[in-house]
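Heads up: the structure comes next, in structure tokens.
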Amino acid sequence: MTAGPPDPRLILPTEILRPTWGARLRRYFLTGLVIAAPLAITASVTWWFINFIDGLVKPLIPNAYLPDAYLPYPVPGFGLVIALVGLTFLGSMTHNLIGRSLINTGEAILNRMPVIRGLYKGVKQVFETIFSQSGTSFRTVGMVQFPQPGMWSIVFIAQEAAPEIAESLPDGEEQIGVFLPCTPNPTTGFFFYLPRRDVIELSISVEDGAKLIMSAGLIQPGEQNGKPKLDAKQPVSA
């Protein structure tokens, strides 16, 4: 007596849902890509930055003080170390009278140069605003209706409009400057003023806002590597 086909009810689910070799290879490839691509991009950007700083700093150092003169191969990162030490030393000079006097003298000389004066003041003001510990520029994330009503975009909230600018605006309300970054490069975008009432502030960090923009919404606030962060009070199921 010949046996008939197996009863479908007796087939295990693992046999039905078992992935094919092609699906497995595709999954393995995508997993390897997710692991290797961020590492490769981070290493490339870091290597470019180190070589860029080395190219700026090493020509200013006498050859006798460079390790490259005594070794058969160049030492990457030596210029970066010298730059970090030099900037730290320059910053420490501002905390004593002699250092402040030298810096004030140098700035007084630059202020007498017609073209360089405006460039130096503008660049210095930008750096002071960005790296100020007490400032509020770009430390708050918000949403505005852009490019049309009903469509909401993420913005970084800057400072209130200066009196000279606020007086020229027709609304007569409190105006605030916002920076609307572009995806996937948040360093480019649009800066504009609008009434404060039209801005909705969000309780997320600027870092989370930048991740949201760079990932085109794939990485939501409160997620790490695309996965929700675990609450310390929430038990983790086995």
Give me ARG26, ARG196 sorted ascending by neighbouring Cβ count inside 10 Å, so fewest comes first. ARG26, ARG196
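Rounded to two decimals, what is the ratio between the C-alpha radius of gyration of segment 140-223 and 2.2 N^0.38 Å? Don't jump to the answer; show the numbers that get you there.
On the way: Rg = 13.3 Å, N = 84, 2.2 N^0.38 = 11.8 Å.
So the Cα radius of gyration is 1.13 times the expected 2.2 N^0.38 Å.
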Student exercise, segment 140-223 dipole from Lys, Arg, Asp, Glu Cβ charges, in Debye to nearest 20: 320
If you stretched the chain out fully between LEU71 and ALA162, how much longer would it get, using 0.36 nm times the residue separation minus the C-alpha to C-alpha distance? 27.1 nm
Skipping prolines and chain starts, which residues have an amide H placed within reach, meaning under 5 Å, of the one on PHE146, given they are 5 or more residues away or on another chain? MET151, TRP152, SER153
Please list the non-local residues whose amide H lies under 5 Å from the amide H of THR140, H modeled 1.01 Å from N, same-chain partners needing a gap of 5 or more. ILE157
For segment 48-59, Karplus couplings with θ = phi - 60° (6.51, -1.76, 1.60), whole Hz, Gly/Pro x: 5, 5, 5, 5, 5, 5, 4, x, 7, 8, 4, x
For a label point 7 Å from the Cα of CYS182 along Cα→C-beta, name the residues of segment 192-213 whose backbone N is under 11 Å from it. none
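Please rank ILE157, ILE98, ILE50, ILE116, fewest neighbouring Cβ atoms within 10 Å first, as an exposure proxy.
On the way: ILE157 22, ILE98 8, ILE50 16, ILE116 12.
So the residues, fewest neighbours to most, are ILE98, ILE116, ILE50, ILE157.
Read-outs: derived from the displayed coordinates by stated rules, not from any lab. Computed from a prediction, not measured in an experiment: that's the story for all the values here. Neighbour counts are summed over all protein chains in view; Cβ atoms, including those assigned to glycine, are modelled from backbone coordinates with ideal geometry.
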